[in-house]
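Written out below as structure tokens is the structure these notes cover.
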Amino acid sequence: MKWEITLRVFRFDPERERKPKFAEYEVPVDEYTRVLEALLWVKENIDPSLNLRYSCRMAMCGSCGMLINNKPRLACKTIIKTLKTDVVEVKPLPKFKVIRDLVVEMDDFFDKHRSVKPYLIRRNVQEQENPTGFYFQTSEEVRRYIQFAYCIMCGLCSSSCPIFRSGGRYLGPQALAQAFRYLADSRDEGFDVREKILNSDKGVWRCHFAGECSEACPKGVEPAEAIQRLRRKLL
Amino acid sequence: MEIRKHDVLVLGTGLAGLRAAVEVLKVSKDKLSVGIVSKVHLMRSHSVAPEGGAAAVLSENDSFDQHAYDTVKGSDFLADQDVVETYVRLFPKEILQLEHWGRPWSRNDDGSVAMRLFGAHDVPRTVFAEDRTGFFLMRTLYDTLLKFENFERYDEYLALSIIIDDREFRGLLTLEKSSGNYVLFESKALVIATGGLGRLWEFTTNAHTTTGDGFAIALRAGIPLKDMEFVQWLPTCMVPHGIPATEALRGHGAVLLNSKGERFMKHYAPSKMELAARDIVSRAMITEIREGRGFKGPEDMECVMLDARPVGEDKLMTIYKTFVENARDFIGIDPLEELVPVRPAAHFAMGGIDVDINLTTIIPGIYAAGEVACPGFDGANRLGSNSLPLCLATGRIAGQNAAVYAMRKNATSSSRVFQNAEREMEKFERLTQIKGSRNPYELKKELSHIMESYVGLFRDEAGLLKALERIRQLKISYLTDLSIDDSSKVFNTELTNAIEFGFMLDVAEVITLSALKREESRGAHYRTDFPKRDDEKWLKHSVVRITDAGLAVSYRPVKITKWKPEERRY
Ligand SMILES: Cc1cc2nc3c(=O)[nH]c(=O)nc-3n(C[C@H](O)[C@H](O)[C@H](O)COP(=O)(O)OP(=O)(O)OC[C@H]3O[C@@H](n4cnc5c(N)ncnc54)[C@H](O)[C@@H]3O)c2cc1C
Ligand code: SF4
Ligand code: FES
């Protein structure tokens, strides 16, 4: 079955325009069409100057986060039929600075992630860099952190978080969930080096448990739960 | 044009590129400065996609010889056996190293690392973590990179040209997407790790960004490409998007059915059935479809069916969670209850930049790793789960060798480098000034249709000749009739897509020409007019380079150490 929808897209080229506008396109869709394909259809057939990020088209690379009908979603994971509307509105993720159209600046988001030292820390660096045998870990121990390791760095959680959005230094749900991912790993020995930043005024205590992050996450990471557990670890 | 300087440049940040970058920083103890260039955000490379796993000899009842033999046999004896023997030995070391950097692996109850059976491997030797094997490797490497200090990341820079002077590597010209500025990187060594080329075809497992840039950039710089006619189709990819249903499912009991409800693989590979080598399963599926025993799937695409129910709900909901989610989320089909529509999709380049066992190219200072490199490991057909460990191992060795080269070499500077770069830049600038009538998307559609029709799973002389002629016509249209509407400098993806399309054209020509010349069938390259393997004439690698008179093809013998060619039977 084929039908048409109206795709309302946020357009802005800060180099040449003073303020953003919306453009509307009539797009043919079927029951398999995802928002990503609809946007690419516009780019390839109507307006090649429409810009967005996309790559894997299978919800694994984290490129295509955007606001779709006012909810943060991945364009490649949103089948148009499931939105149950004839008008689909697409905007860039809030809080991030717009580079152009749906493309936003993510450097600060990546820096915040880096600041929690999101890597396995071992005291015996010699063994870590010249391994002689696997570290022991049971499947139960894998289960304790693996859900939090699913993060594809799409930014949906942080951009949906009211505290992160209000600006400032708060590390946000993505970075905090990744700190927890390593702290919950039985192989990690980095609690002491991460404790300070997590306890600081950028850290876990800023969270008000709005819970929007977990709802937004397309990979089931549950950053809100990670933050709650981090707090328990820090107390 | 801006200029940046580093000791070593890494181009591409999939598994191979990230592994190379980490290795340079590790062996130089953070002393060498590394520039890391990628056309996407570093962690968004397509290495996030693999579900299946990574092969490595890790158990008592397995051996390096067995892994090497399975690989050589799978390659239809086109693999260089010294390369295979060397690299399979590195695989377990890489698995262990990644584990020490924090990568989760699925474990057995006693805490040891779990393994599963994969197509054309004789014993279970594929390690995995649920079905997000590539993703976890990518994240572990990206995370590990962040431990180091002496690197600069250049997210969303599109590489355009390699600058060579005095027959040595000198620099890399790029386009910074966010500003539209050209940036020249000067450095002593370069590791090319730009991944595959699946987007040349219409139906592919590959990301939108997998456009074969690195092959073309190397070729244009005078570096030969090897074995380019060998492109692998992955048998079970979900219709209509091409997202794979991992091969591992078939190791756990999933079966393929035609419209008669028959497990048709029994006619093609009676002993291995669904687990025969990929080229064999893919051709069987297309044969079923062509002979009228297929289904009409989503968006009217023809397909056969994968029955994953025999795998059982327990496994499907744990280690195959991504597959189940993908089927439900992307095509609205529940594999616990229903059959899943699948057909083969263009997947993997066995061929690539001609490198030796040390990953060096003919240009001092330039190395290649990962899918874009062809050290001769995959031959005519790659085995499932061999690519991930090979990306890691080649990344590591290329990184090591680039580091050693850069440490020995003094930085030199010459005005010629800048002048060369300016000349290259003008070539790309010119694309925006043609102001013809055809947009890059239209041209791209035409190319992938040609490749799908004539340079696919089944090939013959007439089709390949037609393809070659039409690709050459498209090249002319590209240079004379291209139109790029968008004139903004900021994040102009119409321009970057047009540049990528130019790369694709070059690569398509090389593949088609190599396929036309090879008058035999071997591994993934199947000629209906020459359906047999012909070791007497064709047990050799094809090597293509650019000359003043166009492309020139030459051949090089295959290295055979232990295993004499024999018929490949599964
Ligand atoms: C869906 C899928 C499933 C797979 N499953 C398996 C599996 O289970 N087991 C297995 O062993 N293998 C599997 N493979 C194969 C394996 O994933 C790939 O061979 C491997 O990931 C390639 O890694 P790479 O580092 O070479 O390249 P990629 O990960 O593709 O990275 C390429 C990098 O180069 C950059 N780049 C490219 N061109 C340019 C340019 N012009 N300028 C700047 N940067 C550029 C990109 O931005 C990217 O960072 C699978 C592949 C796919 C597509
Ligand atoms: S936690 Fe979820 S929503 Fe947040 S960045 Fe990671 S994958 Fe995206
Ligand atoms: S395109 Fe990769 S997550 Fe959507």
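The values are calculated or read from the model by the stated rules, or taken from the named source; none is laboratory data. Given the structure is predicted, the values throughout are model-derived calculations rather than measurements. Glycine also receives a Cβ, built like all others from the backbone with ideal geometry; neighbour counts cover every protein chain displayed. For accessibility, only protein heavy atoms count, side chains too; no ligands or nucleic acids. Shrake-Rupley method; radii C 1.70, N 1.55, O 1.52, S 1.80 Å.
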Subject >> Extreme residue, nearest to ligand 2 (Cβ to nearest atom), among residues of the range B:39-50 that are in contact with an Asp or Glu (Cβ under 8 Å, 6 or more places away or on another chain) and open to solvent by 10 Å² or more (accessible area, probe 1.4 Å) >> reply: B:Val40
Original post:
If you check B:Val40, B:Val27, which single one turns out to be β-branched (Val, Ile, Thr), closer than 15 Å to B:Tyr142 by Cβ and modelled with pLDDT of 95 or more?
Top reply: B:Val40
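With respect to A:Pro94, is the statement that it is more than 8 Å from chain B (Cβ to nearest Cβ), within 14 Å of ligand 3 (Cβ to nearest atom), open to solvent by 10 Å² or more (accessible area, probe 1.4 Å) and not small (Gly, Ala, Ser) true? Before you say what the answer is, go through the steps one by one.
On the way: more than 8 Å from chain B (Cβ to nearest Cβ): yes; within 14 Å of ligand 3 (Cβ to nearest atom): no; open to solvent by 10 Å² or more (accessible area, probe 1.4 Å): yes; not small (Gly, Ala, Ser): yes.
No.
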Subject >> Residue match in the range A:112-133 (condition: more than 12 Å from every other protein chain (Cβ to nearest Cβ), in contact (Cβ under 8 Å) with a residue 24 or more places away in the chain, within 28 Å of B:Thr322 (Cβ to Cβ) and outside any helix (DSSP H, G or I)) >> reply: no
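Inside the range B:135-163, can you point out the residues that are among the basic types (Lys, Arg) and either within 16 Å of ligand 2 (Cβ to nearest atom) or at the interface with chain A (Cβ under 8 Å from one of its Cβ atoms) (or both)? Show your work before the answer.
So the first thing to find is which residues in the range B:135-163 are among the basic types (Lys, Arg), and the list is B:139, B:147, B:153.
Correct list: B:Arg139, B:Lys147.
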**OP:** Among residues belonging to the range A:211-228 that are assigned to a helix (DSSP H, G or I) and under 14 Å from A:Ile146 (Cβ atoms), point out the one that is farthest from ligand 1 (Cβ to nearest atom).
**Re:** A:Glu225
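Scan the range B:53-73 residue by residue and report those that are farther than 17 Å from B:Phe377 by Cα and either more than 14 Å from chain A (Cβ to nearest Cβ) or within 16 Å of ligand 3 (Cβ to nearest atom) (or both).
Of the range B:53-73, the ones farther than 17 Å from B:Phe377 by Cα are B:53, B:58-63.
B:Gly53, B:Glu60, B:Asn61, B:Asp62, B:Ser63, listed by residue number.
Yes or no, residue by residue, for (1) more than 16 Å from ligand 3 (Cβ to nearest atom); (2) open to solvent by 20 Å² or more (accessible area, probe 1.4 Å); (3) over 16 Å from B:Glu51 (Cβ atoms):
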{"residue": "B:Ile217", "(1), (2), (3)": "yes, no, yes"}
{"residue": "B:Ile223", "(1), (2), (3)": "yes, no, yes"}
{"residue": "B:Gly242", "(1), (2), (3)": "no, no, no"}
{"residue": "B:Ala245", "(1), (2), (3)": "yes, no, no"}
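Hey, among the residues in the range B:275-291 that are in a helix (DSSP H, G or I) and in contact (Cβ under 8 Å) with a residue 60 or more places away in the chain, which one's farthest from B:Asn381 (Cα to Cα)?
Here is the first cut: in the range B:275-291, the ones in a helix (DSSP H, G or I) are B:275, B:278-290.
Next, from what is left, pick out any that are in contact (Cβ under 8 Å) with a residue 60 or more places away in the chain: B:275, B:278-283, B:286.
Numbers: B:Leu275: 14, B:Arg278: 8, B:Asp279: 7, B:Ile280: 10, B:Val281: 12, B:Ser282: 12, B:Arg283: 13, B:Ile286: 18 Å.
Looking at residues that are in a helix (DSSP H, G or I) and in contact (Cβ under 8 Å) with a residue 60 or more places away in the chain, I get B:Ile286.
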Subject >> Filtered residue count, the range A:141-177, keeping only those that are outside any helix (DSSP H, G or I), over 14 Å from A:Lys112 (Cα atoms) and not small (Gly, Ala, Ser) >> reply: 3
Original post:
Among the residues of the range A:97-111 satisfying the criterion of being in contact with a Lys or Arg (Cβ under 7 Å, 6 or more places away or on another chain) and open to solvent by less than 10 Å² (accessible area, probe 1.4 Å), which is farthest from the other protein chains (Cβ to nearest Cβ)?
Top reply: A:Val104
Subject >> Residue count, the range B:107-134 (criterion: farther than 20 Å from A:Ser186 by Cα, within 14 Å of chain A (Cβ to nearest Cβ), in contact with a helix residue (DSSP H, G or I) (Cβ under 9 Å, 6 or more places away or on another chain) and open to solvent by 40 Å² or more (accessible area, probe 1.4 Å)) >> reply: 0
Subject >> Residues that are more than 14 Å from ligand 2 (Cβ to nearest atom) and small (Gly, Ala, Ser), drawn from the range A:50-65 >> reply: A:Ser55
Original post:
If we scan the range B:137-157, do we find a residue that is over 18 Å from B:Leu18 (Cα atoms), touching a residue at least 40 places away in the same chain (Cβ under 8 Å), within 11 Å of ligand 1 (Cβ to nearest atom) and open to solvent by less than 20 Å² (accessible area, probe 1.4 Å)?
Top reply: no
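Out of B:Leu447, B:Leu443, I need the residue that is out of contact with any strand residue (DSSP E or B) (no Cβ under 9 Å at 6 or more places or on another chain) and part of a helix (DSSP H, G or I). Which one? Walk me through it before giving the result.
Numbers: B:Leu443 fails: out of contact with any strand residue (DSSP E or B) (no Cβ under 9 Å at 6 or more places or on another chain).
After ruling out the rest, the residue left standing is B:Leu447.
Among B:Ile353, B:Ile366, B:Ile362, which is over 18 Å from B:Val281 (Cα atoms), among the β-branched types (Val, Ile, Thr) and surrounded by fewer than 24 Cβ atoms within 10 Å (Cβ to Cβ)?
B:Ile362
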**OP:** Could you grab me the full set of residues in the range A:26-48 that are open to solvent by less than 20 Å² (accessible area, probe 1.4 Å) and free of Cβ contacts under 8 Å to residues at least 24 places away in the same chain?
**Re:** A:Val27, A:Leu40, A:Lys43, A:Pro48
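Could we say that B:Glu99 is facing chain A (nearest Cβ under 9 Å) and either basic (Lys, Arg) or under 26 Å from B:Ile357 (Cα atoms) (or both) here? Steps first, answer last, please.
Numbers: facing chain A (nearest Cβ under 9 Å): yes; either basic (Lys, Arg) or under 26 Å from B:Ile357 (Cα atoms) (or both): yes.
Yes, satisfied.
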Subject >> Those residues of the range B:416-435 which are open to solvent by less than 80 Å² (accessible area, probe 1.4 Å) and either within 14 Å of chain A (Cβ to nearest Cβ) or part of a helix (DSSP H, G or I) (or both), in sequence order >> reply: B:Val417, B:Phe418, B:Asn420, B:Ala421, B:Glu422, B:Glu424, B:Met425, B:Phe428, B:Glu429, B:Leu431, B:Thr432
Subject >> One residue from A:Ala184, A:Ala216 being touching a helix residue (DSSP H, G or I) at 6+ places or on another chain (Cβ under 7 Å), in the same structural domain as A:Ser166 (by TED's automatic domain parsing) and within 16 Å of ligand 3 (Cβ to nearest atom) >> reply: A:Ala216
Subject >> Residue that is open to solvent by 20 Å² or more (accessible area, probe 1.4 Å) and either within 24 Å of the chain's Cα centre (by Cα) or not assigned by TED's automatic domain parsing to the domain that holds B:Gly12 (or both), where the choices are B:Lys73, B:Lys26 >> reply: B:Lys73
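Do we have A:Met66 as within 16 Å of ligand 1 (Cβ to nearest atom), open to solvent by less than 50 Å² (accessible area, probe 1.4 Å) and either under 28 Å from A:Glu212 (Cβ atoms) or under 14 Å from the mean Cα position of the chain (by Cα) (or both) here? First the steps, then the outcome.
Values: within 16 Å of ligand 1 (Cβ to nearest atom): no; open to solvent by less than 50 Å² (accessible area, probe 1.4 Å): yes; either under 28 Å from A:Glu212 (Cβ atoms) or under 14 Å from the mean Cα position of the chain (by Cα) (or both): yes.
So A:Met66 fails the test.
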Subject >> Residues being out of contact with any Leu (no Cβ under 8 Å at 6 or more places or on another chain) and aromatic (Phe, Trp, Tyr) - total across the range B:497-556 >> reply: 4
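From A:Arg144, A:Arg169, A:Arg165, grab the single residue that is within 23 Å of B:Glu51 (Cβ to Cβ), of a type in the set (Lys, Arg) and more than 10 Å from every other protein chain (Cβ to nearest Cβ). Break it down stepwise before answering.
Details: A:Arg169 fails: within 23 Å of B:Glu51 (Cβ to Cβ); A:Arg165 fails: within 23 Å of B:Glu51 (Cβ to Cβ).
Only one candidate passes the filter, namely A:Arg144.
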Original post:
Residues of the range A:1-14 being open to solvent by 10 Å² or more (accessible area, probe 1.4 Å) and either modelled with pLDDT of 95 or more or closer than 22 Å to B:Ser483 by Cα (or both), which ones?
Top reply: A:Trp3, A:Glu4, A:Thr6, A:Arg8, A:Phe10, A:Arg11, A:Phe12
Subject >> Unmet requirement for B:Leu256, which otherwise passes all of (1) in contact with a strand residue (DSSP E or B) (Cβ under 7 Å, 6 or more places away or on another chain); (2) assigned to a loop (DSSP other than H, G, I, E, B) >> reply: (2)
